[in-house]
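Colleague: Below you will find the structure I want to go over with you.
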Amino acid sequence: MERASCTLVTQFVFVRFSNAPCLQLLFFSLFLLIYLLSLVGNALIVLIVTLDGRLHTPMDFFICNFSLVELWYTTVTVPKMLANFLSSQGVISVPSCITQYYSFSLAATELFFLTTMAYDCYAAICRPLHYPLLLSPQTCGTLASICWFVGFLCPMFPSFLLTQISFCAPNKINHFFCDAIPIFPLSCADT
């Protein structure tokens, strides 16, 4: 079955939570507050871990990296969402949407850090005598580098594939940011 409309689109429209202006303002205020608290909290974690020598343990090092990832991908998605609350029609260009998808996919980096933190807990509990050897500063730096590298690498191929797709009308995304699941159905491929 072919899509009914084959009009190519250059931008997507985010479906609103509500069309009532007072609710849009309420959502804007609520999400802005949550976003600012998230920014301040994660920035404080990074600052405190960096400045306090007693917090230079492997777990604190990984939590610091985890907070940096959190700062990165909330800053990629939330400001656009906030702007859309205040605009008459929340739109995003197709290239910006794909860039946002790539950046938000860095959430995979968080999963790698969580895995590394689980290994840190395992080593501290099950191998306490070998812990300083297993998680030396050099090992922690290597593990963090691998987490960042693989986290940046993982979303590259899907993002590249998205750049190869043409998108057709309707161009409405029933989501608050660009993710693969809501934008794949908008492709011009026959279904």
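Colleague: Restricting to the stretch 61-72, name every residue that is surrounded by fewer than 20 Cβ atoms within 10 Å (Cβ to Cβ) and among the aromatic types (F, W, Y).
Modeller: Within the stretch 61-72, W72 is the sole residue that qualifies.
Colleague: Moving to a separate point now. Among the listed residues T115, T142, which satisfies the condition of being more than 16 Å from F66 (Cβ to Cβ) and open to solvent by 70 Å² or more (accessible area, probe 1.4 Å)?
Modeller: Answer to the selection: T142.
Colleague: Here's a follow-up. Filter the stretch 142-171 down to residues that are in contact (Cβ under 8 Å) with a residue 12 or more places away in the chain and among the polar types (S, T, N, Q), then give me how many there are.
Modeller: Of the residues in that region, 4 qualify.
Colleague: Right, another one. Hand me the list of helices (runs of 4 or more DSSP H) wholly inside the stretch 107-191 holding 1 or more residues that are more than 17 Å from the chain's Cα centre (by Cα).
Modeller: The helices (runs of 4 or more DSSP H) meeting that bar are 107-126, 131-134, 137-153, 156-163.
Colleague: Mind listing just one residue for me: the one in the stretch 172-183 that is in contact (Cβ under 8 Å) with a residue 12 or more places away in the chain and open to solvent by 20 Å² or more (accessible area, probe 1.4 Å) and, of those, nearest to P79 (Cα to Cα)?
Modeller: F176
Colleague: Contact list please: Cβ distance under 9 Å, first residue in the stretch 120-136 and closer than 17 Å to H56 by Cβ, second residue small (G, A, S) and outside any helix (DSSP H, G or I), pairs at least six apart or on different chains.
Modeller: none
Colleague: Could you please find all residues in the stretch 138-170 being over 19 Å from F104 (Cβ atoms) and either among the aliphatic types (A, V, I, L, M) or touching a strand residue (DSSP E or B) at 6+ places or on another chain (Cβ under 9 Å) (or both)?
Modeller: Result: L143, A144, I146, S166, C168, A169, P170.
Colleague: Select, from N65, N84, the only residue that is of a type in the set (S, T, N, Q), closer than 18 Å to I173 by Cβ, touching a residue at least 60 places away in the same chain (Cβ under 8 Å) and in contact with a Phe, Trp or Tyr (Cβ under 6 Å, 6 or more places away or on another chain).
Modeller: Sole residue among the options that is of a type in the set (S, T, N, Q), closer than 18 Å to I173 by Cβ, touching a residue at least 60 places away in the same chain (Cβ under 8 Å) and in contact with a Phe, Trp or Tyr (Cβ under 6 Å, 6 or more places away or on another chain): N84.
Colleague: Could you grab me the full set of residues in the stretch 1-60 that are of a type in the set (K, R) and open to solvent by 90 Å² or more (accessible area, probe 1.4 Å)?
Modeller: Within the stretch 1-60, just R54 meets the criteria.
Colleague: For the condition in contact with a helix residue (DSSP H, G or I) (Cβ under 8 Å, 6 or more places away or on another chain) and of a type in the set (V, I, T), what is the one hit in T10, T57?
Modeller: Answer to the selection: T10.
Colleague: Say we look at the stretch 87-106 and pick out the residues that are among the aliphatic types (A, V, I, L, M) and in contact with a helix residue (DSSP H, G or I) (Cβ under 6 Å, 6 or more places away or on another chain); which of these is surrounded by the most Cβ atoms within 10 Å (Cβ to Cβ)?
Modeller: Applying the filter and picking the extreme gives I98.
Colleague: Also: Go through (1) crowded, with 17+ Cβ neighbours inside 10 Å; (2) under 13 Å from the mean Cα position of the chain (by Cα) and name the single condition T75 misses.
Modeller: (1)
The values are calculated or read from the model by the stated rules, or taken from the named source; none is laboratory data. In this text, all values refer to a predicted model and were calculated from it rather than measured experimentally. No Cβ is skipped: glycine too gets one built from the backbone with ideal geometry, and neighbour counts run over all protein chains shown. When the accessible area is computed, the model is the full protein with side chains, heavy atoms only, and any ligands, DNA or RNA have been set aside. Shrake-Rupley method; radii C 1.70, N 1.55, O 1.52, S 1.80 Å.
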